[in-house]
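The values are calculated or read from the model by the stated rules, or taken from the named source; none is laboratory data. Please read these numbers as outputs of a predicted model, since none were measured by experiment. Quick reminder, even Gly has a Cβ in these numbers, built from the backbone with ideal geometry, and neighbours come from all protein chains shown. All accessible areas refer to the heavy atoms of the entire protein, side chains included, with ligands and DNA or RNA removed. Shrake-Rupley method; radii C 1.70, N 1.55, O 1.52, S 1.80 Å.
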Amino acid sequence: KKPSSVTIRGQAYNTDATWFNVPTNVLDATSRKLHLLKDHPLQITRQVMQSNFPAPTYRYYDELSPAVTTHQNFDSLGFPADHPGRALSDTYYISDKTLLRTHTSAHQADTFRADESDGYLVSADVYRRDAIDRSHYPVFHQMEGARSWDRSKVPDGDVAAAVWRDVEKLPKHNIVVEDPNPTFHDERNPLQEGHHSAAEAEAIASHLKRSLEAMVVNVFSRARAAALKADPNFVDEPLRMRWVEAYFPFTSPSYELEVYYDGDWLEVLGCGVVKQDIYINAGVPNKLGWAFGIGIDRIAMLLFKIPDIRLFWSRDERFLSQFTGVSDNLDALKRFVPFSKYPPCPKDVSFWLRGSTTEEGNAQAATHENDVMEVVRNVAGNVVEDVQLFDEFTHPKSGRKSAAYRITYRSLERTLTNEAVVSLHDKVRKALVSELGVELR
Ligand code: PHE
């Protein structure tokens, strides 16, 4: 059933039967390049964010293939061998050595090695096995940015002074930013001693934060303008952001930026001062700087008020035609107007999990929730809106575990008849048995 080779962006890769786990719909997505499609909301959002990081200081890489090595995606960034992100349950593998990148950071080392400019942006499709709901899809898009300074090219080798001169040139904005934590944390985010002085790390962290705040101001003022066009009575609150300490194996110190939106703190990006080992291993030990990674899809959802992440994959003109002309004129950006909302159709399925008793568990791998999600997605495609675990139960005597999921079917493009959903749900039930070896209840 598994193909012996697959072609991704024109390049053939041999698969490996024990590792290959990429379903057809995910494989098909590798050729879509939505972030480059003129007048597509993801392309427009990419352009808005990109405008904060102009050429020639930043060079753009938008066409890098999603098939990368485990070295690029994990090892080169210092992920430990037992990091959960490496598991087959979380990541799409083509073979033991090749996978679909889980983040744009997979290109950090190679770009640091090859790029002669002061900075770069990589925009690309990324792949993660995950839950299904209106904001999670196994394929999404990220933009990674980095800015480096070369010790040997900076006057007197004084990186801190050179960075502060650049900070001075960044746009000023009048917004509320909370940044309560100290720059360093002894265990999680220490100063990279022996590589940076505290003054250098502080300067780089400030440049990073001011650059990203400016991008968020740009994106959210466009979101506000679009909201006002849709509703002249729209009252918004002052933009609030906060910096939160974070951990990434490849940066120190590290942060996440959160933005207050619609009554909640929304995590928008991860970033930090690049670990010097990455520059050293990339053959550019004189460089030092920062990197960030931001998800494009969620930002596009709030910029255009798009209610469901599946819409990005739609080929329906009622979706696509709403953004015509915006790539060439970002000021024409408008909110998405939903075409009639088709009714949801929820169906439940419950089953005994495989591998839930010790005897079984020794013989077979336990069922992982992401496997359930994927079987549903494979059978029902984009007609599934949401999959929720709503009941779990362990049999007191046998120790067997049972799980019950509610699957919400809803097409974004048409009304589904109950017969059609019943027959689809039946296929899902059968596939759960044949693919995962569960026992229906
Ligand atoms: N790659 C990280 C992620 O996907 C984000 C990140 C990029 C963090 C660059 C730090 C520096 O979560």
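Within segment 266-277, if we keep just the residues that are touching a residue at least 40 places away in the same chain (Cβ under 8 Å) and open to solvent by 10 Å² or more (accessible area, probe 1.4 Å), the residue that is nearest to residue 190 (Cα to Cα) turns out to be 275. Could you please let me know if residue 205 is assigned to a helix (DSSP H, G or I), more than 30 Å from residue 280 (Cβ to Cβ) and in the same structural domain as residue 323 (by TED's automatic domain parsing)? Criteria not met by residue 205.
Determine if segment 37-51 includes at least one residue that is open to solvent by 10 Å² or more (accessible area, probe 1.4 Å), more than 16 Å from the ligand (Cβ to nearest atom) and closer than 21 Å to residue 251 by Cα. No: segment 37-51 contains no residue that is open to solvent by 10 Å² or more (accessible area, probe 1.4 Å), more than 16 Å from the ligand (Cβ to nearest atom) and closer than 21 Å to residue 251 by Cα. Residues that are more than 30 Å from the chain's Cα centre (by Cα) and small (Gly, Ala, Ser) within segment 374-428 comprise 398, 399, 402, 420, 423, listed in sequence order.
Within segment 101-130, if we keep just the residues that are among the aliphatic types (A, V, I, L, M) and within 14 Å of the ligand (Cβ to nearest atom), the residue that is surrounded by the most Cβ atoms within 10 Å (Cβ to Cβ) turns out to be 106. I'd like to check something: does segment 180-191 contain any residue that is in the same structural domain as residue 254 (by TED's automatic domain parsing), buried (at least 20 other Cβ atoms within 10 Å of the Cβ) and part of a helix (DSSP H, G or I)? Scanning segment 180-191 turns up no residue that is in the same structural domain as residue 254 (by TED's automatic domain parsing), buried (at least 20 other Cβ atoms within 10 Å of the Cβ) and part of a helix (DSSP H, G or I). Residues in segment 227-257 that are within 25 Å of residue 211 (Cα to Cα) and not in a strand (DSSP E or B): 227, 236, 237, 238, 239, 246, 247, 249, 250. Among the residues of segment 246-265, those that are within 15 Å of the ligand (Cβ to nearest atom) and in contact (Cβ under 8 Å) with a residue 24 or more places away in the chain comprise 246, 247, 248, 249, 250, 251, 252, 253, 254, 255, 257. Here the condition is being over 30 Å from residue 375 (Cβ atoms) and of a type in the set (A, V, I, L, M); of 99, 77, it holds for 77 alone.
Quick grid of which residues meet (1) outside any strand (DSSP E or B); (2) assigned by TED's automatic domain parsing to the domain that holds residue 51; (3) in contact with a Lys or Arg (Cβ under 6 Å, 6 or more places away or on another chain); (4) closer than 19 Å to residue 249 by Cβ:
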| position | (1), (2), (3), (4) |
| --- | --- |
| 91 | yes, no, no, yes |
| 95 | yes, no, no, no |
| 110 | yes, yes, no, yes |
| 140 | no, yes, no, no |
| 144 | no, yes, no, yes |
| 149 | no, yes, no, no |
